[in-house]
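What follows is a set of notes on a single structure, which appears directly below.
Read-outs: derived from the displayed coordinates by stated rules, not from any lab. Keep in mind the model is a prediction, meaning the values are calculated, not measured. Neighbour counts are summed over all protein chains in view; Cβ atoms, including those assigned to glycine, are modelled from backbone coordinates with ideal geometry.
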Amino acid sequence: NAGVTQTPKFRILKIGQSMTLQCTQDMNHNYMYWYRQDPGMGLKLIYYSVGAGITDKGEVPNGYNVSRSTTEDFPLRLELAAPSQTSVYFCASSIWKGAYEQYFGPGTRLTVT
Amino acid sequence: KNEVEQSPQNLTAQEGEFITINCSYSVGISALHWLQQHPGGGIVSLFMLSSGKKKHGRLIATINIQEKHSSLHITASHPRDSAVYICAVRSELGTGNQFYFGTGTSLTVIP
């Protein structure tokens, strides 16, 4: 299994541009998550999904959109990028093993200038 | 106030030292996780526990549910243990989405 994969690894955007961060998992996990990690801060949940076709907002959803058309894929869309969206983005999936264990992707480092 | 607090924020140790990282949380939880984030950025799960103690090699994690506190210990520390260690809890409420994360403890082990 490849686990959780994310593309791209790095990206620089200009203010107002749009982009999609890709996330794919091959472990057949129902739950998937998008987090952002800012310097000195804990991971913050942007959006999550409990299964194909079902998504919901997390703690910091403004400026982002998601979709979940398949179990494997959970892309994160940034519309009208702003400098405040400069961060490292992590995708994760989880499965019940007596508790929900999370598996993380390698992260995408995004800079908006 | 953060739901999860870790201490210390930064820690420097000599190789071979015994290391303790602490985590306190304020919500009712169904499980607590210890994660390791390497300098390259990748995050891996070290432990998932809801009671007692777990041990993997030189790493030991304990949790006291009544006191809402967990500790991560590293015995005989090595430079390759240098990383950020993150405590995360899953709230006992909700449907799998309610994970709260600490800000991490940055550990540097000097040879």
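Averaged across the residues of A:28-40, what count of C-beta atoms belonging to other chains lies within 10 Å of each residue's C-beta?
Partner Cβ neighbours, averaged per residue: 2.
If you add up the charges near B:Thr62, with Lys and Arg at +1 and Asp and Glu at -1, over every other residue whose beta carbon is less than 12 angstrom from its beta carbon, what do you get?
Numbers: positive: B:Lys53, B:Lys54, B:Lys55; negative: B:Glu67.
Value of the local net charge: +2.
Suppose the chain between A:Thr113 and A:Asn28 were pulled fully straight at 0.36 nm per residue; how much longer would it get relative to their current alpha carbon spacing? The partial results should precede the final answer.
Numbers: separation 85, 0.36 × 85 = 30.60 nm, distance 3.66 nm.
Full-extension gain reported as 26.9 nm.
Can you figure out the FRET efficiency of A:Thr70 with B:His56, using R₀ = 30 Å and their beta-carbon distance, to the nearest 0.05? Numbers along the way, then the final one.
Numbers: r = 34 Å, r/R0 = 1.12.
Approximately 0.35, to the nearest 0.05.
Cysteines without a disulfide-compatible partner in the protein assembly as shown, using Cβ under 4.7 Å as the rule?
Unpaired cysteines in the protein assembly as shown: none, every one has a partner Cβ under 4.7 Å.
Set the Förster radius R0 to 35 Å, insert the Cβ-Cβ distance between A:Asn62 and B:Asn10 as r into 1/(1 + (r/R0)^6), and round the FRET efficiency to 0.05. Kindly include the intermediate steps, with their values, before the conclusion.
Details: r = 31 Å, r/R0 = 0.90.
After rounding, the FRET efficiency stands at 0.65.
How well do other chains shield peptide A:84-95, expressed as the mean number of their Cβ atoms within 10 Å of each residue Cβ?
Working: counts 0, 0, 0, 0, 1, 0, 4, 0, 3, 0, 5, 1.
If you average over the peptide's residues, the count of other-chain Cβ atoms is 1.
Mind checking B:83-89 for the average number of partner chain beta-carbons within 10 Å of each residue's beta-carbon?
Shielding by partners across B:83-89 averages 1.
Just report the Cα centroid separation between segment B:41-84 and segment A:1-71, whole Å.
27
Given a Förster distance of 30 Å, report the FRET efficiency between A:Thr20 and B:Thr108 from their Cβ-Cβ distance, rounded to the nearest 0.05.
On the way: r = 36 Å, r/R0 = 1.21.
Efficiency for this residue pair is about 0.25.
Shape of the protein assembly as shown from its Cα gyration tensor (a ≥ b ≥ c, root eigenvalues): rounded if a/c is under 1.5, otherwise prolate when a/b > b/c, or oblate?
Values: a/c = 1.88, a/b = 1.44, b/c = 1.30.
Judged from the Cα gyration tensor, the protein assembly as shown comes out prolate (a/c at least 1.5, a/b above b/c).
Under 11 Å from the Cβ of A:Gln17, count the other residues' Cβ atoms, weight Lys and Arg +1, Asp and Glu -1, and hand me the total. Please list the in-between numbers first.
Working: positive: A:Arg11, A:Lys14; negative: A:Glu79.
Every neighbour counted, the sum reads +1.
Let me check I've understood the local charge: for A:Val88, count other residues with C-beta under 13 angstrom from its C-beta, Lys and Arg +1, Asp and Glu -1. What total comes out? Kindly include the intermediate steps, with their values, before the conclusion.
Details: positive: A:Lys9, A:Arg11, A:Arg36, A:Lys44, A:Arg109; negative: A:Asp38.
Net charge in that neighbourhood comes out at +4.
Evaluate the relative contact order of chain A (contact order divided by residue number), counting alpha-carbon pairs under 8 angstrom at least 6 apart; express in whole percent.
Details: 293 pairs, mean separation 39.6, N = 113.
RCO, chain A: 35 percent.
Among the DSSP beta bridges whose two residues both lie in chain B, what percent are antiparallel, rounded to the nearest 5?
Details: 41 of 46 bridges.
The answer is about 90 percent antiparallel.
Sorted by packing (mean other beta-carbon atoms within 10 Å per residue), highest first, where do B:64-71, B:28-35 land? Numbers along the way, then the final one.
Values: B:64-71: 13.9, B:28-35: 20.9.
Descending packing order for the listed peptides: B:28-35, B:64-71.
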